[in-house]
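J.: Quick one: this structure, given as structure tokens, is what I'll be asking you about.
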Amino acid sequence: MSGIIPIFERELYSYFRSPVAYVFIIVFLMASTSCTFFLGGFYDSQQASLEIFFLFHPWLYLFLIPAVGMRLWAEERQARTDELLLTFPIHPFSVVLGKFLAGWIFIGLALLLTFPMIITVNYLGQPDPGPIFTGYLGSFLMAGAYLAISICTSALTKNQVISFVLSVVICLILVLLGWGVLNESLNNLFPVWIADLINQFSFTTHFDAIKRGVIDFADVTYFCSIIGIMLLLNVRIITTSEGR
Amino acid sequence: MIEVVEISRNFGKFQAVNQVSFRVQKKEILGFLGPNGAGKSTTMKMLTGYLQPSSGDASICGYSITKETIKAQAAIGYLPESAPSYGEMKVEEFLRFVGKVRGLNGKRLKFQIEKILEDTSLKTVRNQLIDTLSKGYRQRTCLAQSLLHDPPVLLLDEPTDGLDPNQKHEVRKLISQLKEDRTILVSTHILEEVEAICSRVIILSEGKIVGDGTPEELLSKSTYHNAINLKISVQSNQDAQQILLEIPSVDKVEISSSQDQTLGFVVFAKQGNFILEEVKECLDQNKFKIEEMSVEKGRLDEVFRQMTKVEVP
């Protein structure tokens, strides 16, 4: 497991060296707050909670997180630095994990910067702190799952655009599987247990549960397993790929 | 020490490397020679663990690259073909990163970085972004990276590619100094490089080894081996060429230049025998005025072309 820290540090710094970090943070902050206030009707809801704020996270992440993840391998492939990285005496999993953690912490940082929302809601009323805390935790976990998928698609190609599109599509499917409208038509098509099973594969289903203030073991396990499986798949891709 | 046993690699149906075996001892600089696409880089990539061999194995300092990959990788310093590095980093920062990933830290890391910056003449650009450096400096930065952990085995894929003659000279000098306590494998398609630094050469063609020996041994396979380059003053060329051809040990005589009264010849020896004395004697007898005379060791490019000639059916 050695070598993770320098790789993590390098990746995290490299976000801030390029405009990507600043663009991402600004867009994320602006989009998440304007969605809450304008699309979600935060004031009209007359509720001192961040439920509306979290409601938009799966949709925002859909486009923003693939943008964070797409460079992680594609850029290395393009510059051929993967040939250095993968010939250092460290396990490929350490490289993957170091990269993933760098991206995740970066997104976590952007998420932390939404703290004025907490101040606002506390100013306006007396919110229950439980769902706010679990909402952030759930959002962070879900972001990890999105990111793990994005890094994985990034390893498949040296073209960042292809990597971006692929991961948006995969994440979109995982979001839609739990979407109310689709659910109803699934219920009509399949027996209930199949519809439920499909439903269980969705980001939305598990995030909804967490953001209501209940940290269920199953929901946490779901996100952690997506992350784990995607990272392992990523290791497999980089060690066997012939496209180099 | 590097030991390669029947290593092969296929890309789909294409066989890039086909049952290649060789050994490189300590203090040896093995030149890996071959035309583009002969499988040099693919072999190197397999030795570093970057590519998995389709079959066969290699060991680096006794560690199998397929089974004990990490231990083998720790013993290797690798300069990939395109000399990649992170452009957004500064030279020293990049070296510190590589050092840390390789498990160096504290005083040792600091000491090694200073030493390597000195050895590769990068001190003046240590705080410059790699992206802003010229090709030569970038190449050396990547070379520096491969030397940082003082590896017993060095794999250098075209280390002088794209450098100017002065830089080439510097890098070759550095590699020759490094051989003292190391095993070095250098791939190249520059023939002069082989003669300049390599103690042994392997010629690859279409994924197979087609030649293996010291540069001298390979040169002796050239038709130019022990041929004589000659410049003489004559009255009529017909005479001189005919007279030279009549020497029993001479195979053939080619005219290489003709200028006024001065004629240049290449006199080829039969079976590469040493014919200097006979030719000299013959010229003296016929009272030719010798202006220049030298014995050729052979021409590597000719041997190279012969060995790597792809047969078209």
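The values are calculated or read from the model by the stated rules, or taken from the named source; none is laboratory data. Because the structure is a prediction, the values reported are computed rather than measured. Every residue, glycine among them, receives a Cβ derived from its backbone with ideal geometry; neighbour counts consider all protein chains shown. Ligands, DNA and RNA are stripped out before the accessible areas are found, and what is left, the full protein with its side chains, is counted by its heavy atoms. Shrake-Rupley method; radii C 1.70, N 1.55, O 1.52, S 1.80 Å.
J.: Using a 10 Å cut-off around each Cβ of peptide A:4-11, what is the average number of partner chain Cβ atoms that fall inside?
T.: Taking all residues of A:4-11 together, the mean is 3.
J.: So how much accessible surface do B and A hide from each other in total, probe 1.4 Å, in square angstrom to the nearest 100?
T.: 2500 Å²
J.: Still on this structure, I have one more. How many nm separate the modelled label positions at residue B:270 and residue B:173, each set 7 Å beyond the Cα in the direction of the Cβ?
T.: 4.8 nm
J.: Going by Cα centres, the range B:1-36 and the range B:81-130 are how many Å apart?
T.: About 29 Å separates the Cα centre of the range B:1-36 from the one of the range B:81-130.
J.: Okay, moving on. Working out 0.36 nm times the residue gap between residue B:208 and residue B:297, then minus their Cα-Cα distance, what length gain in nm do you get to one decimal?
T.: Stretched out fully, the residue B:208 to residue B:297 stretch lengthens by 29.4 nm.
J.: Given a Förster radius of 30 Å and the C-beta distance between residue A:118 and residue A:44 as r, what FRET efficiency does 1/(1 + (r/R0)^6) yield to the nearest 0.05?
T.: So the FRET efficiency works out to roughly 0.90.
J.: Same structure again: Within the set of other residues whose C-beta is less than 13 Å from the C-beta of residue B:112, count the net charge using Lys and Arg as +1 and Asp and Glu as -1.
T.: Combined, the nearby Lys, Arg, Asp and Glu give +2.
J.: If I model the range A:124-244 as equal point scatterers sitting on the Cα atoms and use the Debye formula, what is log10 I(q)/I(0) at q = 0.15 Å⁻¹?
T.: For the range A:124-244 at q = 0.15 Å⁻¹, log10 I(q)/I(0) is -0.78.
J.: So which of B:252/B:280; B:26/B:297; B:45/B:309; A:158/B:40; B:40/B:115 end up more than 19 Å apart by C-alpha?
T.: B:26/B:297; B:45/B:309; A:158/B:40; B:40/B:115, as the Cα separations exceed 19 Å there.
J.: Oh, and also: The range B:238-261 to the range B:194-233: how many Å between their Cα centroids?
T.: Cα centres, the range B:238-261 to the range B:194-233: 25 Å.
J.: Report in % the part of the accessible area of the range B:228-296 that belongs to carbon and sulfur, leaving out ligands and nucleic acids; probe 1.4 Å.
T.: With neighbouring chains kept in place, the figure for the range B:228-296 is 42 percent.
J.: I've got another one for you. Put simply, what bits of the range B:37-75 lose 40 Å² or more of accessible area when the other protein chains are there, versus the chain on its own (1.4 Å probe)?
T.: Those residues are B:50, B:70, B:73.
J.: Hey, can you list the residues from the range A:69-102 whose accessible area shrinks by 40 Å² or more with all protein chains present, relative to the chain by itself (probe 1.4 Å, no ligands or nucleic acids)?
T.: Going by heavy-atom accessible area, the residues of the range A:69-102 that drop by at least 40 Å² are A:80, A:81, A:83, A:84, A:87, A:88, A:89.
J.: If you average 1/r over every pair of different alpha-carbon atoms in chain A and take one over that average, what Kirkwood value in Å do you get?
T.: 18.9 Å
J.: Once you have the alpha carbon radius of gyration of the protein assembly as shown, what is it after dividing by 2.2 N^0.38 Å, with N set to its residue count?
T.: Scaled against compact globular proteins, the figure is 1.35.
J.: Moving to a separate point now. Please work out the average accessible area per residue across the range B:166-295, using the 1.4 Å probe convention, and give it in Å².
T.: 53 Å²
J.: Net charge within 11 Å of residue A:219 by Cβ-Cβ distance, Lys/Arg positive one each and Asp/Glu negative one each, not counting residue A:219 itself?
T.: Taking every Cβ under 11 Å from that of residue A:219, the sum is 0.
J.: While we're on this one: Quick one: if you stick a label point 7 Å off each Cα along the C-beta vector at residue A:192 and residue B:216, how many nm between them?
T.: Once both label points are built, they end up 9.1 nm from each other.
J.: Report in % the part of the accessible area of chain A that belongs to carbon and sulfur, leaving out ligands and nucleic acids; probe 1.4 Å.
T.: 72 percent
J.: Roughly how tilted is helix B:135-147, in degrees to the nearest 10 and between 0 and 90, from the longest Cα axis of chain B?
T.: 60 degrees
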